[in-house]
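Student: Here you go, one structure.
Taken together, the values in this text are just the output of simple stated rules run on the coordinates, not laboratory data. The structure presented is a predicted model; accordingly, all values stated were derived computationally and were not measured. All Cβ positions, glycine included, derive from the backbone under ideal geometry; neighbour counts span all protein chains shown.
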Amino acid sequence: MPYWGPSARTLFALVSLCLCLHASSLPAQGWGYDKHRIAISADGNNQPDLNYEGTYNTADPDDWGATPATLAILAKMNLQPKLVHFSYNNFMPSPAHTTARNFMQEGTQGAIARWGFDADVFFDVGVRKEDAIEHLKDELAKSVESDPLYFVNMGPSEFIYQAVQRVVNEGNADSLNHVRVLSHSNYNDHHLRHPSHHTIEQVIELSGNRIQFKRIKDQNYPKDNPKVGWHTGQDWQPWAWLENHRDPNVAWIWESMKMHQHNKADISDAGMIYFLITGDANGSPAKFQAFLGGGIPVDAQQLDNRSSQMNKTLERQKELQINYNNAVQSGNLLAIEAEDFPLNGDWALIESADASGGAYLQFKGKNHYAAAQDAHTITKQINVPQAGTYVVKSYMRQPSDAEGDKSNDIWIGFPDAIQKGNGQTITGFHKYFGRSKGRFGMNGQIEAHHKHSWLNVEFPKPGTYTMQVSGRSELLQFDQFVLYRELSADDVLELLEVGQ
Ligand SMILES: [Ca+2]
Ligand SMILES: [Ca+2]
Ligand SMILES: [Ca+2]
């Protein structure tokens, strides 16, 4: 071995050490951030919200690029395990992507596969709204002085509002003393998709002013100076280094940014994560380039585990979506939104992000236990594509302060079909009841011939049939009816998880 060998090795080791130090010893200065837990909620919805009457019924597409960029910044610092929640498509009420391309799903799944994030902390609000809110609630409620949560606000504030509301309602408001909400955007803080939605100030107020809030400068500006900010208008030159980056995962950020349908080079929301990691609120394309350097190293073993787990989940979701479409097309599954019934009497339509279709009906009148009243009966024609006998279930909810068996029933009737309970034909209206609090649960039984029974309805031939519902107990809420045949209740629950 030549005499200079050992010292060359030493030199190499020293250089390596310096490189490592450079990556891991960046000062923790963004608002005291030091490898703490991070939760993110972004919009980016591409499925139009057709009930929205404002100017934009889809979200700003800048998140399609900002999400991969954000996750790249975290991965570069090996902070994957610190990302404990990422919800997307949070433009409430967030209709599921059934006809439009789901760019946010592509961006998050792509980042999970490339950099080994935990797939279980990602939620498409359009498909798993309830799970997403609950999951953020749990992460908020865990916060203590030694383990604070940084929440990065990348979309309108209603989503975090609903999670904070649950933390408060469950008596865990003190945890919010250790939650720090970071924003850069007047829009994210104040945009209201619906009059019932809330601003970031209302989120803070709801927390009893416990949540700490910081808004850094708007990362979209100035758009005409590529040296500052994360939005360069339609000038792509400052980002050109991304396109052919030697790390293909970094080059993928470029592809994601180019999906922007107005061709804007804008990943403004990523500026917040850059600030948290570096303390620099004046990030830029060139600083991003220096930060990512030669690329993002990943642990191959960790990646293998994660991507096989994710592929299984994706395959399962695809299969469920196909099964749901088949069940609807074949007529084996009829899903009827309560809010599609024309209103009558004391029925009221309530818009709500946690209801299917963004709304439910509530009976605001008094109890009518003796008989269905015409004055409070709502009627809808339903289309039945094939003859057959269907189980009738509904998604209903009792108000949270109702006693166990109160506010939990309606009258139901199918006057021009054959109704059956306990195997026997029955006629007229029947009391139809269930129990579920907190969330809309699938249930619904009748009492026929002195026994509890599921309600079955036979439609002798395809066509249009009348369905009637009448108010029975005050304040009951119902969201959706589900009629099904040749499926089990478990099948239906699973199919509706993706179909809604
Ligand atoms: Ca956003
Ligand atoms: Ca932007
Ligand atoms: Ca509904």
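Student: Quick one: helix 300-330 against the long Cα principal axis of the chain, what's the angle to the nearest 10°, folded into 0 to 90?
Tutor: 30
Student: Give, in nm to one decimal, the length gained when the segment between residue 343 and residue 57 is fully stretched (0.36 nm per residue of separation minus the Cα-Cα distance).
Tutor: Between residue 343 and residue 57, full extension yields an extra 100.4 nm.
Student: Of 322, 73, how do they rank once you tally other Cβ atoms within 10 Å and put the fewest first?
Tutor: Ordered by Cβ neighbours within 10 Å, fewest first: 322, 73.
Student: While we're here: Given the convex hull of the Cα atoms of the chain, what is a quarter of its surface area in nm²?
Tutor: 28.0
Student: Within straight cross-link reach of residue 82, meaning Cα distance under 16 Å, which lysines are found once same-chain residues fewer than 8 apart are removed?
Tutor: 35, 142
Student: Can I ask one more? Pop a pseudo-label 7 angstrom from the Cα along the beta-carbon direction at both residue 187 and residue 489 and give the gap in nm to one decimal.
Tutor: 4.6
Student: What residue among 61, 361, 476 has its Cα farthest toward the positive end of the dipole of the chain, where the charges are +1 on Lys, Arg and -1 on Asp, Glu, each on the Cβ?
Tutor: Final value for the positive-end residue is 61.
Student: Need one number: nm distance between label points at residue 313 and residue 364, each 7 Å from Cα along Cα→Cβ, rounded to one decimal.
Tutor: Going from the residue 313 label point to the residue 364 one covers 4.1 nm.
Student: Tell me the trypsin sites (Lys or Arg not before Pro) within the range 338-404 that lie in a loop according to DSSP and have at most 12 other beta-carbon atoms within 10 Å.
Tutor: 366
Student: If you don't mind, there's one more thing I want to ask. Which lysines have a Cα less than 22 Å from the Cα of residue 366, not counting those fewer than 8 places away in the same chain?
Tutor: 406, 431, 437
Student: Could you give the angle, 0 to 90 degrees to the nearest 10, between helix 129-141's Cα long axis and the longest principal axis of the Cα atoms of the chain?
Tutor: 50
Student: Could I ask something else about it? For the peptides 201-210, 37-46, what is the packing order when you average, over each peptide's residues, the other Cβ atoms within 10 Å and list the highest mean first?
Tutor: In descending order of packing, they fall as 37-46, 201-210.
Student: Using only the alpha-carbon atoms, how far is helix 63-76 inclined from the longest principal axis of the chain? Give it as 0 to 90 degrees, nearest 10.
Tutor: Approximately 50 degrees, to the nearest 10.
Student: If you don't mind, another one. Cβ neighbours within 10 Å, averaged per peptide: list 311-321, 268-278, 454-464 in order, most packed at the top.
Tutor: Most protected by this proxy first, the peptides run 268-278, 454-464, 311-321.
Student: Place the peptides 407-413, 481-487 in order of packing, highest mean first, counting for every residue the other Cβ atoms within 10 Å and averaging per peptide.
Tutor: Highest-to-lowest ranking by the protection proxy: 407-413, 481-487.
Student: Let's test the formula: R0 of 22 Å, r as the Cβ-Cβ distance of residue 330 and residue 383. What FRET efficiency results, to the nearest 0.05?
Tutor: Values: r = 14 Å, r/R0 = 0.63.
Step by step, r from the Cβ atoms, then E = 0.95.
Student: Divide by every residue of the chain the summed helix terms, -39500 (n - 2.57) for each DSSP H run of at least 4, and state the resulting mean residue ellipticity at 222 nm, rounded to the nearest 500 deg cm²/dmol.
Tutor: The per-residue figure over the chain is -10000 deg cm²/dmol.
Student: Given the pairs 129/223; 214/258; 76/217; 137/264; 137/380, which span a C-alpha to C-alpha distance of over 32 angstrom in this model?
Tutor: In this structure, 129/223; 137/264; 137/380 exceed 32 Å between Cα atoms.
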